[in-house]
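Participant: Dropping the structure in here first, questions after.
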Amino acid sequence: MVKAVVGANWGDEGKGKITDMLAQKADIVVRFQGGANAGHTIVNNYGKFALHTLPSGVFYGHTTSIIGNGVALNIPILMNEIKSITEKNVPMPKILVSDRCQMVMPYHILFDQYEEERLGGKSFGSTKSGIAPFYSDKFAKIGFQVSELFDEALLQDKVERICETKNVILEHLYHKPVIKPEELLATLKEYKEMIEPYVCDVSSYLDKALKEGKTILLEGQLGTLKDPDHGIYPMVTSSSTLAAYGAIGAGLPPYEIKQIVTVCKAYSSAVGAGAFVSEIFGDEADELRRRGGDGGEFGATTGRPRRMGWFDCVASKYGCRLQGTTDVAFTVLDVLGYLDEIPVCVGYEVDGEVTTEFPVTCKLEKAKPVLQKMPGWRCDIRGIRRYEDLPENCRRYVEFIEDQIGYPITMVSNGPGREDIIYRKSPLQK
Ligand code: GDP
């Protein structure tokens with residue numbers, strides 16, 4: 001059976017922790033989209049890790065970790081990540097990389113930087129990891145597949161052809177040094193040596209695994225609001241963040257995805273530019289940022305301070321709907337224990353009208369939050385394992401939000417560790 005762990009919002013909802021936890025009972029964990037531009041923070045017995053490319057199953061001896069064809073594969077970053085975990089005494093994980101996966105080329109990273117420079121104040125707030133130029137090339141059909149590393153003649157011809165067009169842009173648009181085909185070929189030869197031990201026909205592997213009754217976990221990056229179709233376009237990422245895309249980015253039949261765990265954080269945070277209706281500022285934001293997550297809300301990859309806000313029922317209801325949520329994992333609830341009252345965004349006011357439906361981007365820019373205050377619980381809830389042992393106001397907060405978003409909250413996370421989880425039977429469960 002296949003399960004997916006995905007985000008309802010802007011990312012950083014705590015998917016890494018939930019995947020790591022669910023991976024205890026999974027045979028295979030697959031990354032199906034995105035690249036090394038975002039990361040997961042995982043805290044376990046080996047220490048604290050920021051993973052960007054490796055699936056969150058790498059800490060278990062029993063799971064196979066797969067990089068699916070939908071991922072933007074940065075080979076040197078993958079190699080460094082493997083090294084960084086084995087250095088901390090994590091046993092060498094079993095890793096497979098799809099032969100259909102495409103590679104982030106060194107020039108993708110440069111183009112990302114040059115374009116942000118060129119746009120100046122109008123930039124997208126890219127992490128400059130080359131992800132947008134990578135996916136542009138993939139769909140312009142000038143990307144490089146891992147399988148092509150093993151065909152020297154093809155590679156030589158293609159490298160020469162692609163350098164020609166890239167160099168025109170480098171020279172005339174960006175006024176930067178051009179790419180030398182022989183240097184690029186030498187780099188690709190190194191990539192081939194690095195990746196060779198991991199290359200696999202992943203869709204066949206997964207097909208066989210399904211027939212053997214194995215459990216496969218699909219691990220999403222970012223969240224619904226960063227999806228290129230359903231998110232806050234153009235302030236989105238370049239590959240689909242939806243569970244449905246897991247079927248494509250891993251190479252699985254869509255009907256095999258039986259459980260979709262959508263992760264929602266008990267408050268909001270976002271990185272990069274774009275509308276963020278329930279955003280807060282000043283001291284209020286600083287305090288939540290400092291107390292948030294596990295050691296503060298700062299980007300796992302970039303270290304950038306995250307933008308902070310109250311829980312947004314409008315965005316989360318929409319985020320859960322587009323994911324096809326069967327279960328909501330409600331995370332980082334413990335962090336809110338310091339507040340007397342907790343504002344929740346229950347509607348958007350757009351042009352004088354209140355709506356609970358998430359609007360398209362041009363309307364979203366005009367939306368103002370309608371806030372409702374919930375009473376706080378003013379205590380530390382870490383260590384609690386049973387839902388009924390949570391303070392009453394804390395349960396009211398969870399149940400209020402469940403009611404607003406309309407999807408069952410079946411897991412409540414009250415700490416960064418694997419064991420910090422409360423399972424709950426929701427009245428909305430089918
Ligand atoms: P992801 O990309 O969705 O996995 O999210 P991040 O890893 O960027 O952010 C989640 C952060 O919150 C990490 O530092 C986690 O260790 C931490 N975290 C996850 N769940 C909880 C929780 O329930 N409570 C607290 N305090 N921290 C959590």
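All of the numbers you see were taken from the coordinates with simple rules; none came from a lab. In this text the structure is predicted, and so the values were computed from the model without any measurement.
Participant: Within the set K158/K180; K17/K83; K226/K430; K15/K214; K15/K128, which residue pairs have Cα atoms separated by over 19 Å?
Facilitator: Checking Cα-Cα distances, K17/K83; K226/K430; K15/K214; K15/K128 exceed 19 Å.
Participant: Could I ask something else about it? What is region 21-69 by shape, rounded, prolate or oblate, if you read a ≥ b ≥ c off the alpha carbon gyration tensor as root eigenvalues and call it rounded for a/c under 1.5, prolate for a/b larger than b/c, and oblate otherwise?
Facilitator: It comes out oblate by the Cα gyration axes.
Participant: What is the set of long-range amide H partners of I421 at a cut-off below 5 Å, with H atoms built 1.01 Å from backbone N?
Facilitator: N414
Participant: Another one. With the calculation restricted to Cα positions, what are the radius of gyration and Dmax of the chain in angstrom?
Facilitator: Considering the chain through its Cα atoms, Rg and Dmax are 21.8, 68 Å.
Participant: Can you say what percent of the DSSP beta bridges in region 248-330, counting only those with both residues inside, are antiparallel? Round to 5.
Facilitator: Around 60 percent of the beta bridges assigned by DSSP in region 248-330 are antiparallel ones.
Participant: I would also like to ask the following. Roughly what % of DSSP beta bridges within the chain run antiparallel, to the nearest 5?
Facilitator: Of the beta bridges lying entirely in the chain, close to 40 percent run antiparallel.
Participant: Oh, and also: Using DSSP H assignments, which helices in the chain have an axial alpha-carbon span of 24 Å or above and a mean Kyte-Doolittle hydropathy of -1.0 or higher?
Facilitator: Passing helices, by number: 152-169.
Participant: Here is a further query. Going Cα to Cα from K211, which lysines come in below 17 Å? Please leave out same-chain ones fewer than 8 positions away.
Facilitator: Of all the lysines, those that pass the test against K211 - Cα under 17 Å, at least 8 places apart if same chain - are K3, K258.
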